[in-house]
Amino acid sequence: MAAITLEAMHIAVLTSTFSGLACSPDQVETHQDAVVGVDLLRVFDDVQEWSRFSLQSTPHGQPDGVVSTVWESQVLVSGMHCAACSLMLEQALLATPGVKSARVSAASQRASVVWSSSVTRPSEWLLAPRALGYTLSPALDTAASDQTRKDARLALWRWLVAGFCMMQVMMYAFPAYVTQPGEITPDIEKLLRWASWVLTLPVLLFSCKPFFANALRDLRQRSVSMDLPVALGILITFVISSAATFETAGWWSAEVYFDSLTMFVFFLLTGRWLEQRLRARTSGALDSLMQRLPDSVQRQLPGGEFELVAVRRLKVGDLLRVLPGQAFPADGLIESGNTFADEALLTGESRPVARPVGALVMAGSYNLSAMVQVRVQQLGQATCYAGIVALMQRAAVDKPRLAQLADRVAKPFLWFVMLAASLAAAYWWNTDPARAVMAAVAVLVVTCPCALSLATPTAMLTSAGVWAKQGVLVRRLQALEALADIDTVVFDKTGTLTEARMGLRHIATREGVSVADAMALAAGLARHSLHPVSRALLVAFEEPKSPAVDLADSTARSYGFRLAEVVEHAGQGLQGLLTEPCCGVYSGPVRLGSASFCGAQAAVDNGTLQVFLADEAGWLTRFELDEVVRPDAFEAVKQLQLAGLKVHMMSGDRSAAARRVAERVGIKHVQGDCTPQSKLAHLQALQGSGRKVLMVGDGLNDGPVLARADVSIAVGQAVPLAQAQSDFIIPGAQLLMLASMPAQARRTLSIVRQNLAWAAAYNAVGVPLAIGGYLPAWLAGLGMALSSLFVLVNAARLSRTPQGM
């Protein structure tokens with residue numbers, strides 16, 4: 001009797017303890033049903049708000065100059081747990097009048113919606129999925145980030161309650177496993193069952209609420225998602241166990257399964273919580289990129305003082321004060337102050353970049369060292385930052401071919417699960433009804449299409465995140481599959497292997513004229529012109545170490561000559577008057593320009609541009625200029641060749657110039673004098689011979705070959721057509737990234753194959769065991785949780801950057 005009283009007191013204490021524990025989660029949950037209120041969503045019907053989360057889209061065939069009414073919006077999704085959910089959500093959005101297309105990614109928990117502003121408003125299609133239990137919120141909305149944090153806290157509460165109750169239920173279930181029949185008296189056994197039933201109620205009513213809510217939604221919509229079989233398994237287990245607790249006479253009374261139920265829920269919630277954390281880590285690069293702009297900034301008023309205003313209220317021409325540690329909210333020019341900027345996520349440049357007065361700063365880059373004043377030049381969707389974000393958002397909802405196949409399989413697979421559970425129950429019913437029920441529950445619980453649907457997109461999004469941190473933007477995730485198979489790389493020359501400027505390669509002087517004096521005089525004339533040749537000579541003179549000549553020890557590294565009456569003759573050169581002799585150079589007229597303009601005879605044509613400096617006595621110096629090869633071009637080509645890839649170069653420039661650049665970077669297969677048509681023909685010839693071609697370019701004439709190549713990459717500030725036709729964009733033109741990208745793509749596909757193999761093997765082993773009655777519900781729940789967790793953990797391995805990348 002004393003033992004019974006002690007047990008009763010223990011139960012009372014536990015029940016009281018749990019009541020206090022459950023109070024806070026219930027209070028927290030009131031936020032879940034009010035994720036984004038209807039009134040708040042109507043705020044997004046304001047046209048001025050659309051640009052915060054939407055891009056205006058021009059339909060195919062629409063005449064130029066006609067204002068488009070079609071918008072593409074990026075939104076976050078909550079309440080989605082599997083591929084079947086993504087298909088159901090897409091169907092709900094497409095059923096909304098005015099919605100032209102919808103793409104939903106279960107892996108990134110994001111959706112892309114294309115809609116017509118002449119037919120609908122954002123609040124209408126944002127509210128449409130509410131009836132299905134899904135909540136949409138604009139991707140750049142602050143409330144969405146707050147709600148994500150609230151959902152994470154609520155999920156943690158559910159997990160903690162399930163874990164606390166599971167441990168207590170296991171304590172009361174333990175005697176049934178270790179004692180022999182008759183060692184526990186019937187009243188004690190009944191008391192233990194009652195205690196387990198009481199402790200299972202919070203798990204059922206609070207921790208399992210999302211499963212039941214989603215299952216009820218499925219039944220109302222006559223559809224099926226992963227939560228329907230899960231909810232059925234939980235409910236059947238609870239009903240059978242409750243019947244055994246309240247009524248001990250019957251086939252169901254031999255055993256209760258509260259321990260299996262609570263363990264299953266705990267393991268499933270553990271898997272989902274970890275999955276949520278890993279998914280956040282996977283999409284961290286996109287989220288960090290999208291959240292870089294500040295909410296407000298200091299803007300100068302007409303009186304000269306500064307006020308704090310919302311970024312969306314800025315206008316072109318505003319003068320802003322940006323403090324150290326703050327992100328630049330717009331593209332603009334620095335008018336006051338010198339600082340360093342962090343542009344790593346925008347250009348891939350890992351080191352801080354100097355930004356003095358007059359320098360251009362980009363929206364989304366960070367001001368690191370000093371307060372500066374910036375004059376706004378570009379805002380909103382016109383900034384480089386907005387273009388990068390748009391590319392990343394589209395990649396986040398992009399579905400690779402393997403992922404699309406998995407999504408199509410998910411819903412039929414769930415119907416198969418329901419059928420298999422029914423067959424298992426029917427098979428065992430005549431011999432052992434209790435075993436029949438638990439076999440059906442195990443089948444409902446153990447089968448999981450999530451691992452199958454997450455296998456491909458999680459791995460590919462992880463790699464996209466890794467590349468984003470290094471300055472590589474993914475436009476089409478499908479291209480990862482092709483990138484893993486490439487065996488040939490074709491480069492464009494101008495703007496890809498070379499920079500968009502000229503450089504000084506060689507200097508020849510007349511006897512008695514020093515190189516330093518000639519450079520100083522040429523620079524004195526060149527500073528009066530904006531011609532590319534003049535700019536190249538100035539850069540060569542002002543650099544501490546010129547590629548052509550070392551002037552570090554010269555005492556004449558200044559404009560030490562007195563020049564007057566400098567005049568530029570278009571297409572010929574510069575002429576000025578040297579007012580006094582200096583350093584062996586006679587006073588009088590001096591010229592800088594072409595051979596004919598300077599009265600000189602050009603040397604043997606070696607493919608370089610020859611520019612002359614002359615006085616009245618004749619030529620003084622010959623400067624040979626050539627294209628500047630990117631500093632990492634040679635090493636990038638070398639690494640590609642070491643990786644076993646064939647490297648070609650095609651250029652519309654003269655064959656001699658193309659061969660000269662090819663020799664400098666180590667490329668043997670060269671074609672010059674190419675038209676866009678001949679480039680395309682050469683590419684098709686390579687593909688016709690069985691080669692898988694990666695095309696790297698940046699110009700307008702590269703558009704056709706970028707579109708036709710198996711994989712294409714646009715580098716640097718590529719023209720819009722080149723970017724539109726490419727699969728990847730490297731804004732910072734880091735060519736060294738090219739060598740590591742195919743290897744990362746192969747690692748990604750290897751992870752995808754491992755994930756698919758695991759998902760197939762898990763279901764192939766688990767389902768027969770469950771049908772045979774050899775798999776208890778708690779172990780089935782553990783297997784289900786681990787199946788999805790394995791896929792996510794395996795994909796997360798891709799976030800560890802391999803050496804040399």
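The values are calculated or read from the model by the stated rules, or taken from the named source; none is laboratory data. Treat the numbers as computed from the prediction; the structure is a model and nothing was measured. Here the Cβ positions follow ideal geometry from the backbone for every residue, glycine too, while neighbour counts run over all protein chains shown. Side chains are part of the model used for accessible areas, which takes the heavy atoms of the whole protein and leaves out ligands, DNA and RNA. Shrake-Rupley method; radii C 1.70, N 1.55, O 1.52, S 1.80 Å.
Quick test for you: out of GLY618, GLY666, pick the one residue that is under 23 Å from VAL533 (Cβ atoms) and of a type outside the set (Phe, Trp, Tyr). If you could, list the steps in order and put the result at the bottom.
Numbers: GLY666 fails: under 23 Å from VAL533 (Cβ atoms).
Residue meeting the stated conditions: GLY618.
Which of (1) of a type in the set (A, V, I, L, M, F, W, C); (2) modelled with pLDDT of 85 or more; (3) open to solvent by 10 Å² or more (accessible area, probe 1.4 Å); (4) outside any helix (DSSP H, G or I) does ALA482 not meet, given it meets every other one?
The failed condition is (4).
Suppose we filter the stretch 241-285 for residues that are over 23 Å from GLY163 (Cβ atoms), open to solvent by less than 50 Å² (accessible area, probe 1.4 Å) and at pLDDT 70 or above; how many remain?
So the answer is 2.
For the stretch 687-702, check the following and say yes or no: at least one residue is open to solvent by 60 Å² or more (accessible area, probe 1.4 Å) and closer than 12 Å to PHE491 by Cβ.
No: zero hits.
Answer yes if at least one residue in the stretch 649-668 is touching a Cys at 6+ places or on another chain (Cβ under 7 Å) and open to solvent by less than 10 Å² (accessible area, probe 1.4 Å), and no otherwise. Before the answer, list the steps.
Let us first name the residues in the stretch 649-668 that are touching a Cys at 6+ places or on another chain (Cβ under 7 Å), namely 650-652.
From what is left, the residues that are open to solvent by less than 10 Å² (accessible area, probe 1.4 Å) are 650-651.
Yes, there is a match, as at least one residue in the stretch 649-668 is touching a Cys at 6+ places or on another chain (Cβ under 7 Å) and open to solvent by less than 10 Å² (accessible area, probe 1.4 Å).
Residue pairs, Cβ under 6 Å, 6 or more apart or interchain, first in the stretch 417-439 and more than 15 Å from VAL767 (Cα to Cα) and open to solvent by 70 Å² or more (accessible area, probe 1.4 Å), second of a type outside the set (Gly, Ala, Ser) and at pLDDT 80 or above. List them.
So the pair list comes out as ARG435/TRP428.
Within the stretch 360-384, which residues are of a type in the set (S, T, N, Q) and part of a strand (DSSP E or B)?
Step one: of the stretch 360-384, the residues of a type in the set (S, T, N, Q) are 365, 367, 369, 373, 377-378, 381, 383.
Result: ASN367, GLN373, GLN377, GLN378.
Any residue that is modelled with pLDDT under 80, under 30 Å from LEU219 (Cβ atoms), in a helix (DSSP H, G or I) and among the hydrophobic types (A, V, I, L, M, F, W, C) - is there at least one of those in the stretch 135-148?
Yes, there is a match, as at least one residue in the stretch 135-148 is modelled with pLDDT under 80, under 30 Å from LEU219 (Cβ atoms), in a helix (DSSP H, G or I) and among the hydrophobic types (A, V, I, L, M, F, W, C).
Determine, yes or no, whether SER225 is over 14 Å from MET263 (Cβ atoms), of a type in the set (Ser, Thr, Tyr) and in contact (Cβ under 8 Å) with a residue 60 or more places away in the chain. Steps first, please.
Working: over 14 Å from MET263 (Cβ atoms): yes; of a type in the set (Ser, Thr, Tyr): yes; in contact (Cβ under 8 Å) with a residue 60 or more places away in the chain: yes.
Here the answer is yes, as SER225 does meet what is asked.
Of (1) modelled with pLDDT of 75 or more; (2) part of a helix (DSSP H, G or I); (3) among the small types (Gly, Ala, Ser), SER101 satisfies all except one. Which?
With (1) modelled with pLDDT of 75 or more; (2) part of a helix (DSSP H, G or I); (3) among the small types (Gly, Ala, Ser) applied to SER101, the lone miss is (2).
Could you tell me which numbered condition LEU136 fails, if it satisfies all but one of (1) surrounded by 20 or more Cβ atoms within 10 Å (Cβ to Cβ); (2) over 32 Å from the mean Cα position of the chain (by Cα)?
Here LEU136 meets the rest and fails (2).
Being among the hydrophobic types (A, V, I, L, M, F, W, C) and open to solvent by 50 Å² or more (accessible area, probe 1.4 Å) is the filter here; which residues of the stretch 165-196 pass it?
Taking the stretch 165-196 and keeping what is among the hydrophobic types (A, V, I, L, M, F, W, C), we get 165-167, 169-171, 173-174, 176, 178, 184, 188, 191-192, 194-195.
If the condition is that a residue be among the hydrophobic types (A, V, I, L, M, F, W, C) and open to solvent by 50 Å² or more (accessible area, probe 1.4 Å), then MET167, MET170, MET171, PHE174, ALA176, VAL178, TRP194 are the ones that fit.
If a residue must be open to solvent by less than 20 Å² (accessible area, probe 1.4 Å) and part of a helix (DSSP H, G or I), how many such residues does the stretch 207-232 contain?
Number satisfying all stated conditions: 11.
Of all the strands (runs of 3 or more DSSP E) wholly in the stretch 563-620, which have at least 3 residues that are at pLDDT 80 or above and aliphatic (A, V, I, L, M)? Please lay out each step first, then the result.
Values: elements: 563-569, 573-578, 588-593, 609-615.
Per the criteria, 563-569, 573-578, 609-615.
Looking for whichever is assigned to a loop (DSSP other than H, G, I, E, B), at pLDDT below 90, surrounded by fewer than 21 Cβ atoms within 10 Å (Cβ to Cβ) and of a type outside the set (Asp, Glu) here; the options are SER108, SER118. Which one fits?
Details: SER108 fails: surrounded by fewer than 21 Cβ atoms within 10 Å (Cβ to Cβ).
The conditions single out SER118.
Here are the criteria: (1) outside any strand (DSSP E or B); (2) at pLDDT 75 or above. Tell me which single one VAL297 does not satisfy.
(1)
Determine the pairs where a residue that is over 10 Å from THR245 (Cβ atoms), located within the stretch 186-201, has a partner that is charged (D, E, K, R) and open to solvent by 50 Å² or more (accessible area, probe 1.4 Å) with Cβ atoms under 7 Å apart, the partner being 6 or more residues away or on another chain.
Note: pairs meeting the criteria are LEU191/GLU7.
Which one of the conditions (1) in a helix (DSSP H, G or I); (2) modelled with pLDDT of 85 or more; (3) touching a Leu at 6+ places or on another chain (Cβ under 9 Å) does LEU154 fail to meet, given that it meets all the rest?
Only one criterion is unmet by LEU154, namely (3).
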